[in-house]
Amino acid sequence: MTFNDVFKSSFLDKVSSFSMMDMVLALSLAFVLGLFIFMVYKKSFNGVMYSASFGVSLMAMTMITTLIILAVTSNVVLSLGMVGRFLLCVLEQRSKSL
């Protein structure tokens with residue numbers, strides 16, 4: 001089995017791009033989900049100092065993650081190149097926001 005066998009043309013032909021409507025729908029769902037996460041954080045926070053900016057960063061991270069996932073799933077080569085960098089960025093942001 002060679003590298004060319006793994007990436008046959010039939011495999012690459014099945015990759016589809018996303019339309020503008022798909023992007024709007026995904027971003028609106030991500031916004032609603034981020035708003036839900038923000039409200040859960042706001043209602044369940046029991047600490048000394050509530051951080052509204054952390055809640056906003058939670059919402060922003062859901063929308064940015066949605067855009068990155070859309071870009072990665074539309075192109076196989078791009079997804080193979082970005083998956084490691086994406087995971088490192090998410091973990092770094094998580095450590096910065098805590």
Using protein chains only and a probe of 1.4 angstrom, how many square angstrom of Met61 are accessible, to the nearest 10? 60 Å²
How much accessible surface area, in Å² rounded to 10, belongs to the heavy atoms of Leu87 with a 1.4 Å probe? 100 Å²
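The values are calculated or read from the model by the stated rules, or taken from the named source; none is laboratory data. Note that the structure is a prediction, hence the values are computed from the model and not measured. Ligands, DNA and RNA are stripped out before the accessible areas are found, and what is left, the full protein with its side chains, is counted by its heavy atoms. Shrake-Rupley method; radii C 1.70, N 1.55, O 1.52, S 1.80 Å.
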